[in-house]
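Worksheet: one structure, shown below.
None of the figures in this text is laboratory data; all of them are computed from the coordinates on show. Model, not experiment: these values are computed from the prediction. Every residue, glycine as well, gets a Cβ built from its backbone with ideal geometry; the counts of neighbours run over all protein chains shown.
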Amino acid sequence: MTAKALTLSVLDQSIACAGRGEDHALRDTLDLAAHCEALGYHRFWVSEHHGLPTIVGSAPEILLAAIAARTQRIRIGSAGVMLPHYSAFKVAEQFRVLDALAPGRVDLGVGRAPGTDMRTAVLLNPNASHAAEAFPQQVADLIAWTRSLRHQGAVAHPRAPADAAGFERAPEVWVLGSSDYGAQLAAHFGLPYAFAYFFMDGQGVEQALSLYHQLYKPSDRHPRPQATICIWALVADSADEALLHARSRERWRIDRERGVLGPLQRPEDIRFTPDEDARLQGMRRRAFVGRADEVAERIRALAVELALDEIVVNTWAHDPAARRQSYALLAREFDIASSGP
C-alpha cells in the first residue's frame, strides 16, 4: 500500500484545556474542521460525551450544523451519537436536516456505550439501565427512517404522507465500537464499521475486524464491507517536540486511572513520578508520536496489516497550533491534498 492509497480522516472531541474556557474548545473544533478540509482530509467527525470535564462535545448534531456552515467538501459526521439515550426517529430527523445543510456528505455514526457515567446516563434517559438492549432495533429503525418516513417496521411513523416513498439522499449510517459486539452488528445490517483503536491501544482490533468481514451481509447501499479504525497520533518537526506535546494526554491517562479527570494541562507544567514514568513506557512504545515520516511509516504498516484503506486520526494537544501542525505534517507526508479520497 502506498501513501497515496491511504485515505486520512479526523475525529475531534472538543477537548477542554487548562487556562481556557470550554467554549474555546468548541470554537477550536470549528476552526480545525476548516483547517482539515483545506489540508485534504476526507472526513471530520465529532464525538458525544456527557458530564466530563475533559471532553466537552456533548451535542454533535449542533456542532455539525456549525461545521456544515464552515465547510464545503469534507464529509462531516458523528463518532458518534450514543443512540440508547435518544429516540431513533428524532436522531433520524436531526441528521436529515444536517444532510440538507451539507448535501451528500453527512455520516451518522452511532454507538451503544453511554459516553458517560450511569448517573448522567439516567438524566439523559430514565430507562438507561435497559436502553442498550434495544440498540439493534434502534439501528434498524434508524436506517429505515433516514431513508423514508414510511418505515413499516415495528414502530412505523403514524403521520407519514402516503406518497413519502423515500428521500433523494440519506446520511451514511456507521456503527462504532471497540468490541466484537459492534463489529457483528455492523456486519448483520450491512453497514460501515469504525473501531475505536485508541481506546485500548488497539486491543481486540484484529478479532473485531475479522468477525466484521466474515459475517458481513451485503446491503443495497453497501454491497461490500467498509471498515476503518481511529488511532491517536501526534507529530511534530522533531520527535522531542512531539513527545513534549504528548505529555498532556499522558498526564490525563495517568490521572484517569486514579479516577481524576480534568482539562488538558500545559505540557511544560507536567511532572511524572518515577512510577508513573515507568507505567508510561509501554504506552509510549505503542503510541503514534514522533516525526511525521516515522509515524506515517507506522500508520501505513498498520493499515496494511489490517487491510484498511482509511485511517481516522484523533489528536490531543494543549496548544491548538500544535494540533494544526500535526495534522498539516501528516497531510503533507501522505500527500492527501493531491491524492484525494
What's the extension gain from Ala307 to Phe199 if we count 0.36 nm per residue and subtract their Cα-Cα distance?
-> 36.9 nm
If one compares the long axis through the Cα atoms of helix 205-215 with the longest principal axis of the Cα atoms of the chain, the angle in degrees, nearest 10, works out at 20 degrees
Any idea which of Leu32, Ala69, Leu209 is furthest toward the positive side of the dipole for the chain, if Lys and Arg beta-carbons carry +1 and Asp and Glu beta-carbons -1?
-> Ala69
Return the single residue from Asp180, Asp220, Asp293 with maximal mean-square fluctuation; model: Gaussian network over the chain, springs between Cα atoms under 10 Å.
-> Asp220
Please get the size of the charge dipole for segment 3-339, origin at its Cα centre, with Cβ charges of +1 on Lys and Arg and -1 on Asp and Glu, quoted in debye to the nearest 20.
-> 480 debye
Would you give the gap between the C-alpha center of segment 292-341 and the C-alpha center of segment 69-123, rounded to a whole Å?
-> 25 Å
GNM of the chain, Cα pairs under 10 angstrom: of Pro274, Pro225, Pro136, the biggest fluctuation goes to Pro274
Around Glu206, with a cut-off of 14 angstrom between Cβ atoms, what is the net charge of the other residues, counting Lys and Arg +1 and Asp and Glu -1?
-> -3
Given R₀ = 22 Å, FRET efficiency for Phe272-Arg20 by Cβ-Cβ distance, to 0.05?
-> 0.40
In whole µm²/s, the translational diffusion coefficient that Stokes-Einstein assigns to segment 3-339, given a Kirkwood hydrodynamic radius over C-alpha pairs, 37 °C and 0.692 mPa s, equals 159 µm²/s
Two pseudo-spin positions, 7 Å from Cα along C-beta at Gln281 and at His130, lie apart in nanometres by 5.1 nm
Mean Cα-pair separation over length for segment 3-339, i.e. relative contact order, pairs under 8 Å, 6 or more apart, % = 20 percent
With the 8 Å Cα cutoff and a minimum separation of six or more residues, segment 217-341 has a relative contact order in percent of 41 percent
Among the trypsin sites (Lys or Arg not before Pro) in segment 191-297, which ones are in a DSSP loop with at most 16 other Cβ atoms within 10 Å of the Cβ? Mind listing them?
-> Arg221, Arg258, Arg271
log10 of Debye I(q)/I(0), alpha-carbon scatterers only, for segment 169-285 at 0.12, 0.14, 0.17, 0.20 Å⁻¹ | -0.60, -0.72, -0.86, -0.99
Does anything in segment 97-118 have its amide N under 20 Å from the 7 Å Cα→Cβ label point of Leu215, and if so which residues?
-> 109-114
If unit charges are put on Cβ atoms (+1 for Lys and Arg, -1 for Asp and Glu) and the dipole of the chain is taken about its Cα centre, the option from Ala317, Ile55, Gly259 lying farthest towards the positive end turns out to be Ile55
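Using a 10 Å cut-off on Cβ atoms, rank the peptides 103-116, 9-22 from the highest mean neighbour count down.
103-116, 9-22
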Antiparallel content of DSSP bridges confined to segment 3-339, in %, to 5 = 5 percent
For segment 223-281 and segment 11-26, write down the distance between their C-alpha centroids in whole Å.
-> 16 Å
